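Heads up: the structure comes next, in structure tokens.
No value in this document is a laboratory result; all are computed from the given coordinates. Given the structure is predicted, the values throughout are model-derived calculations rather than measurements. Because the Cβ atoms are built from the backbone with ideal geometry, glycine has one as well, and the counts that use them run over all protein chains shown.
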Amino acid sequence: MKRLNGIHVKHHKNTENCETKQFPMPKRLTVLMSQAMGAPCTPLVKKGDTVDKGQKIGDSDAFMSAPIHSPASGTVADVTDYLLPNGSRCKAVIIEPDGENRISPDVKPPVINSREDFVNAVRESGCVGLGGAGFPTHIKLRYDPVKTPIDTLVINGAECEPYITSDYREFMEDPDDVIDGISKIMEIMNIPMCKIGIEENKPSAIKLMTEKTANMKGVSVVTLPSSYPQGAEKVLIHSCTGRIVAEGELPSNQGVAVMNVSTVGFISRYLKTGMPLTEKRLTLDGNAATKNQGNYIVPIGTAVSELLEFCGAENPEKVLYGGPMMGFPLYDTEQAVTKVNNAVLAFKDVKTPETTACIRCGRCIRACPLNLMPTLLEQAYDRRDGAELARLKVNLCMNCGCCSYVCPANRHLAEKNQLAKALLPKPKK
């Protein structure tokens, strides 16, 4: 099987052996009504209401959406407009925890008697892809097995981004939840095969999962090359199954469903307890973090400023949601943790290299895992040539950042690719 292109980056897995700890409950939580791909939710509570942990506080009638639940018991201090890091706005529910950790009476294990019950339960849990993409999980499961037969479940345990180790800790600390989640999904959705993809730089996780799955029919562990972006959906599918997801296709078109390891672990716990998605394991690290680096279970809605104070990152020059390759910098450290955050990284001594003219070395082309032509895409973007961008298939770009990383001229290739997608010709109705 031909290996897709990519790059080798320094792993910086400084926190891989840091056992997950519970982060202290903040005095104030800002729970955004837009935390994943799809339509934002409408608040179901108002200022002055008392809420319980696990209570649904936001929902939407839109198909592409997932409900939002309260991370703590307490009082709704406000329902306000909120500016998201991407410049758009949504509603936010501000909760002041009361310290009682009172659980909502609605929190109880779901009754599953059918495939439809299971899919609806996953939706009610508020589950979205926990690897960072945030695609509502119930939509992945809501397929017609006759029209779209799925024969392989691929578990994304690559975690190829530098610094981040939260998924690795899911393997090491909650392996039985991971296995149980896989078993439940395979059984209920009638998926005969499962491939658990783990990068070769995580030998302990590979060994543990291999032992745990030894007697499981149809389940195997795939040792992935330790290269970036091995965890990207199309790259992962190719590495685990040899199948290629073409332009315009979804993984389901190739008979594959992809789920992050933390997602399947959460589904297992939800089926047992009924507690929806109210907290998230994430990695705190970076060279500006001088203490308490590690992995923490953090209530959704916690301000990043509290995380930075906790890890001793005073006045960092750059703070990232996610990893240094695909994460994005925060303009405001009062931004709140959401379902899709898997790391907060704080850096100092950040150097911004000067951009120079393209030297036509071809490194970006050799690095691109999807064999795109970043130099030509940049030229087409600079000309605002939407037709040429479409011909060069800019829509295939996954924003992995490989091209920008290897460019000796320090050109902003990956960034321009994302801006370029807005210039594509609109499809005819």
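Annotations for the structure displayed:
- Each residue of region 278-283 was assigned a 3J(HN,Hα) from its phi angle through the Karplus curve 6.51 cos²θ - 1.76 cosθ + 1.60 (θ = phi - 60°); the sequence is 10, 8, 9, 7, 9, 9 Hz, with glycine and proline shown as x.
- Near Asn156: Cβ cut-off under 9 Å, other residues only, Lys/Arg at +1 and Asp/Glu at -1. The net charge is -3.
- Peptides 129-142, 202-215 ordered by average Cβ neighbours within 10 Å, highest first: 129-142, 202-215
- Likely footprinting exposure, Val344, Val111, fewest C-beta neighbours within 10 Å first: Val111, Val344
- Taking other C-beta atoms within 10 Å as the exposure proxy, Met373, Met33 rank Met373, Met33 from fewest upward.
- Residue (of Pro229, Thr15, Ala121) at the positive-pole extreme of the chain, dipole from beta-carbon charges: Pro229
- Flagged links, alpha-carbon separation over 24 Å, of Lys53/Lys339; Lys202/Lys272; Lys53/Lys280; Lys393/Lys426; Lys91/Lys393: Lys202/Lys272; Lys91/Lys393
- Cα-centre dipole for the chain with unit charges at Cβ (Lys and Arg positive, Asp and Glu negative), debye to 20: 1360 debye
- Equivalent ellipsoid dimensions for the chain as semi-axes, Å, which come from the Cα gyration tensor, largest first: 32, 27, 23
- Per-pair calculated FRET efficiency, R0 = 51 Å: Ile365 and Asp144 via Cβ, rounded to 0.05: 0.85
- Full-extension gain in nm, Ala77 to Thr50, via 0.36 nm per residue minus C-alpha separation: 8.8 nm
- For Gln22 and Ser220, the FRET efficiency from 1/(1 + (r/R0)^6), where r spans their Cβ atoms and R0 equals 30 Å, is about 0.35.
- Euclidean distance of C-alpha centroids, region 190-261 and region 380-429, integer Å: 28 Å
- Entry note, the chain: the mean residue ellipticity at 222 nm calculated from DSSP H runs of n ≥ 4, each adding -39500 (n - 2.57), is -7000 deg cm²/dmol after division by the residues and rounding to the nearest 500.
- Over all projection directions, the Cα-based convex hull of region 295-356 averages an area of 4.8 nm².
- Shape category assigned to region 115-273 from the gyration tensor of Cα positions, a/c cut at 1.5: rounded
- Ellipsoid equivalent to region 26-178 - semi-axes via the Cα gyration tensor, in Å: 28, 19, 18
- Subtracting the Cα-Cα distance of Glu173 and Thr42 from 0.36 nm times their residue separation leaves 43.6 nm of extension gain.
- Stretchable slack from Thr273 to Ala422, in nm (0.36 nm times residue separation minus alpha-carbon distance): 49.3 nm
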